Amino acid sequence: MLKTLLSNEHPVSASVGLSPRPVGGVFGWARDLGLEELHFKYDSAVGLKAIIAIHNSQHGPALGGTRCIPYATESEALADVVCLAQGMTYKSAFAQLPYGGGKAVLLRPEKIVDREVYFETYGQFINSLNGRYVTSVDVGTCSRDMDIIRRKTPYVLGTSLDSGDPSKDTAKGVLKGLQAAVKVILDRDDFENLRIAVQGIGKVGFALAEMLHEQGARLAVSDLSPEVMQSFADKFGAELLDPGAILSSRCDILCPCALGGIINHETTNLIQAKIVCGSANNQLAEDCWGDLLFQRGVTYVPDYVVNAGGLIHIVYGSNAASRKRHIEGIYLSVMEILTRSRTENVPSHRLANGIAKQILRDRTATPPVA
Ligand code: NAD
């Protein structure tokens, strides 16, 4: 493993997001991305293999969820955590929150023998960083897991003691982004009879699809779990699509709500939708695929702009009014980005990255008064 990670041909899959592939070995790559810290924890007795990446903590603790999924390779897990952490920095900056960007991945074993011990051990790992990293839920983890982590560290949000699961607010934020995109691109104020394909009917995808159904959209959904798909279809009458068919399906809007890297060298030209807008982090395997979407006339709504509702949820906690106001603000952010994208003829993801970087530069230039 170490040999592979330190090799100059670090073979990371193209499945993940914001940053180009590493070319100079893991530490050179980390340096080039401006990553502050990388932490590894291995505990053979409980089957824990964890990586925490702190991308930026200059403007507050690095905040980002814990992803717990099986990875094909350790290099893939490393690339995922690093790119996700970078995305969290942009997300926090864009949403004007007093946090930095971080992320954790747990390389899920075939079976977690004792979930309590597993997440307690992981909680100790988080605690050892003394608050430089704060966690919450992501793919493969839930509020119950956060409760277990809370036994070992205070550096966790989204537990049943604070704001609880943020996924519904993430879905509400994506809905706001979709409303803005539909207004700018289709000149419509509603979803009535629009055909919307949702990839991933998990915590966010389910809540989003349910709201879209209530607003009259014609849904097609896809998930790796046939049971999840069937139960959604039974409830809401959606069309079921094979996971391999959803990206190329004929639809007005594609909502990626599963994993990242889905817009890549194989898929970009297949996308039929006019608008791509969903909760999945790091949807663009690399920025060039966003450029290609733009050239093809497909509007991509930058993921970290629309999926910030969950982050807003855990940061504002019980302050429901601020939470709601902030999430509703996603509508105006998306309006502005898509309108500028049209008038300036610049792809939306490039505009959003530019704005996020400028916010970070401005913050560095004017540190908060003590
Ligand atoms: P989840 O684990 O609850 O749901 C993900 C779903 O996607 C699962 O049902 C899984 O079976 C399905 N899936 C995985 N690969 C698929 C594929 N190739 N095709 C179809 N379905 C597939 O996760 P979640 O919390 O709903 O998060 C979804 C996405 O949104 C993730 O990328 C996550 O990082 C992002 N996100 C989540 C939140 C949040 O509040 N939960 C906040 C911001 C961003």
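So which GluC sites (Glu not before Pro) in the range 131-238 pass both tests, a DSSP loop state and at most 11 other Cβ atoms within 10 Å of the Cβ?
Working: sites: Glu192, Glu210, Glu214, Glu227; in loops: Glu192.
Listed in order of number, the matching sites are Glu192.
State the answer as a single residue: which of Gln295, Gln272, Ile327 lies farthest towards the positive end of the charge dipole of the range 167-362, with beta carbon charges of +1 for Lys and Arg and -1 for Asp and Glu, about the Cα centre.
Of Gln295, Gln272, Ile327, it is Ile327.
So between Gln295 and Tyr42, what do we pick up on full extension, going 0.36 nm a residue minus the alpha carbon distance? Don't skip to the end; give the middle numbers.
Numbers: separation 253, 0.36 × 253 = 91.08 nm, distance 4.47 nm.
My answer for the length gained is 86.6 nm.
Percent relative contact order of the chain, based on C-alpha pairs within less than 8 angstrom and at least six residues apart?
Values: 790 pairs, mean separation 60.1, N = 370.
Reported as a whole number, the value is 16 percent.
Not counting the cut sites, what is the longest span of the chain without trypsin sites (Lys or Arg not before Pro) that DSSP labels loop and that have at most 14 other Cβ atoms within 10 Å? Don't skip to the answer; put the middle values down first.
Working: sites that count: Lys111, Arg151, Arg188, Arg250, Arg296.
With trypsin sites (Lys or Arg not before Pro) excluded where exposed in loops, the chain gives 1-110 as its longest stretch.
For Lys168, list the lysines whose Cα falls under 27 Å from its own Cα; do not include residues on the same chain fewer than 8 positions away.
Lys91, Lys103, Lys152, Lys176, Lys183, Lys203, Lys235, Lys274, Lys324
So if each residue of separation counts as 0.36 nm, and I subtract the Cα-Cα distance between Gln124 and Asp187, what length gain in nm does that give? Write down the numbers at each step before the final one.
Details: separation 63, 0.36 × 63 = 22.68 nm, distance 5.10 nm.
That works out to 17.6 nm of additional length.
What is the pair-distance distribution P(r) of the range 209-250, computed from all Cα-Cα distances in 10 Å bins starting at 0, with each bin given as a whole percent?
31, 56, 14
5 Å is the cut-off here: which amide hydrogens, built 1.01 Å from N in the peptide plane, fall below it relative to Val276, excluding neighbours closer than 5 in sequence?
Under 5 Å from the amide H of Val276 lie the amide H atoms of Leu254, Thr299, Tyr300, Val301, each far enough along the sequence or on another chain.
Calculate the radius of gyration of the Cα atoms of the chain to one decimal place, then report Dmax, the largest Cα-Cα distance, as a whole number, both in Å.
19.5, 58
For Ile69, enumerate residues with amide H under 5 Å from its amide H, sequence gap 5+ or separate chain, H modeled in the peptide plane.
It is Leu106, Arg108, by chain and number.
Taking the chain as the reference, fit the longest principal axis to its C-alpha atoms, fit the long axis of helix 115-127 to the helix C-alpha atoms, and give the angle between the two in degrees, 0 to 90, nearest 10.
With both axes taken from Cα atoms, the answer is about 80 degrees.
Once phi is turned into ³J(HN,Hα) by the Karplus curve 6.51 cos²θ - 1.76 cosθ + 1.60 with θ = phi - 60°, what whole-Hz value does each residue of the range 72-88 show in order, with x for glycine and proline?
5, 9, 5, 4, 5, 5, 5, 4, 4, 5, 5, 5, 5, 5, 4, x, 5
Ignoring everything except DSSP H segments at least 4 long, calculate the 222 nm mean residue ellipticity for the chain; use -39,500 (n - 2.57) per segment, divide by total residues, nearest 500.
Values: 13 runs with 162 residues, N = 370.
The helix contribution divided over the chain gives -13500 deg cm²/dmol.
I need the Debye-formula profile for the range 175-257: one equal scatterer per C-alpha, no solvent, reported as log10 I(q)/I(0) at q = 0.10, 0.23, 0.24, 0.25 1/Å, two decimals.
-0.21, -1.07, -1.16, -1.25
Just to be sure I understand the model, the point goes 7 Å from the Cα along the line to the Cβ. What's the resulting Ser248 to Leu224 distance in nm?
That separation, rounded to one decimal, is 2.2 nm.
Among Ser249, Ser279, Ser222, which comes first, then next, by fewest other beta-carbon atoms within 10 Å? Walk me through the intermediate numbers first.
Details: Ser249 19, Ser279 29, Ser222 25.
So the ranking, lowest neighbour count to highest, is Ser249, Ser222, Ser279.
How big is the equivalent ellipsoid of the range 75-122 along its three axes, where each semi-axis is √(5λ) from the Cα gyration tensor, reported in whole Å from largest to smallest? If you can, show how the numbers build up before the last one.
On the way: eigenvalues 150, 41, 8 Å².
Equivalent ellipsoid semi-axes, largest first: 27, 14, 6 Å.
Please name whichever of Ile355, Pro256, Val137 sits farthest to the positive end of the charge dipole of the chain, dipole taken about the Cα centre and charges placed at Cβ: Lys and Arg +1, Asp and Glu -1.
Projecting each Cα onto the dipole axis, the largest value belongs to Ile355.
Going by how many other beta carbons lie within 10 Å of each one, how would you line up Leu107, Leu270, fewest first?
Numbers: Leu107 22, Leu270 11.
Ascending Cβ contact count within 10 Å gives the list Leu270, Leu107.
Residue by residue, what Karplus-based ³J(HN,Hα) values in Hz, rounded to whole numbers, does the range 336-346 have, using 6.51, -1.76 and 1.60 with θ = phi - 60° and x for Gly and Pro?
Residue by residue, the range 336-346 yields 5, 5, 5, 5, 5, 4, 5, 6, 8, 6, 10 Hz.
Which number do you get for Rg(Cα) / (2.2 N^0.38 Å) in the range 220-358?
Values: Rg = 16.2 Å, N = 139, 2.2 N^0.38 = 14.3 Å.
Normalised by 2.2 N^0.38 Å, the Cα Rg of the range 220-358 equals 1.13.
Taking only Cα atoms and a 10 Å spring cutoff, compute GNM fluctuations for the chain and point out the largest among Ala53, Ala85, Ala321.
It is Ala321.
How large, in Å, is the range 25-150 by the Kirkwood hydrodynamic radius built from its alpha-carbon pairs? Could the numbers behind the result be given before it?
Working: mean 1/r = 0.0694 Å⁻¹.
Roughly 14.4 Å, rounded to one decimal.
Which whole-Hz couplings ³J(HN,Hα) result when phi for each residue of the range 189-198 is put into the Karplus expression 6.51 cos²θ - 1.76 cosθ + 1.60, θ = phi - 60°, listed in order with x for Gly and Pro?
10, 8, 10, 3, 6, 6, 8, 10, 9, 10
If you build a Gaussian network model of the chain, linking Cα atoms that sit under 10 Å apart, which residue out of Ala320, Ala209, Ala280 swings the most?
With Cα springs under 10 Å in the chain, the top fluctuation among Ala320, Ala209, Ala280 is at Ala320.
Every number in this text was worked out from the coordinates using simple rules, so none of it is lab data. The model shown is predicted, which means the values in this text are computed figures rather than measured ones. Glycine also receives a Cβ, built like all others from the backbone with ideal geometry; neighbour counts cover every protein chain displayed.
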